[in-house]
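Structure first, commentary second.
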Ligand code: FES
């Protein structure tokens, strides 16, 4: 073996390391490009907002805020918007705040629930009584526990 062969082998090793590093860098670059595409295409499974008992806390309103008959507010829970109110008889109710016409947010207005987008009106049962909404609002069973309000998954109501 001559010195030139030894030098060539050392040069080959350096070239291999360089090409190996370049390959790793290329794979990292390709991964960086493809990951957003994967995230866009991969199905996302929404988290169930209800616990094992089928209930979820109401956010934005407490029982004391709507203690009197005829009081109500827009509120929310992890899965969407609500209208929570007491009927004139004092019964606690919760309806989805998503209008069944085009999905606008409805608003409690004492004796009825109104949608300002196209003039839809619902009664306190959630039934569509005027305007374009094609069906009633989803009704949730609502309960008070320790001053907080909870709604239940509609199929467990
Ligand atoms: S979205 Fe409510 S009436 Fe059209």
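Here, each number is a calculation from the coordinates, and none is a lab measurement. Given the structure is predicted, the values throughout are model-derived calculations rather than measurements. With ideal geometry, Cβ positions are generated from the backbone for all residues, glycine too; neighbour counts draw on all protein chains shown.
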Packing-wise, with mean Cβ within 10 Å as the measure, how do 69-82, 134-147 rank, highest first?
69-82, 134-147
For segment 90-157 the translational diffusion coefficient, Stokes-Einstein from a Kirkwood Rh over Cα pairs at 25 °C and viscosity 0.890 mPa s, in µm²/s, is roughly 197 µm²/s
If the convex hull is drawn through the Cα atoms of segment 26-157, its volume per residue in Å³:
151 Å³
Which of 57, 43, 88 fluctuates most in a GNM of the chain (C-alpha springs under 10 Å)? That residue is 43
Rg over Rh of segment 50-127, using C-alpha atoms and the Kirkwood radius, what does it come to?
0.97
If the label point is 7 Å along Cα→Cβ of residue 123, which residues in segment 65-106 have backbone nitrogen under 15 Å from it?
87-89
Say each of residue 148 and residue 91 gets a label point 7 Å from the Cα, pointing the same way as Cα to Cβ; how far apart are those two points in nm?
2.6 nm
Residue 155 label point, 7 Å along Cα→Cβ, cut-off 18 Å on backbone N: hits in segment 33-72?
45-56
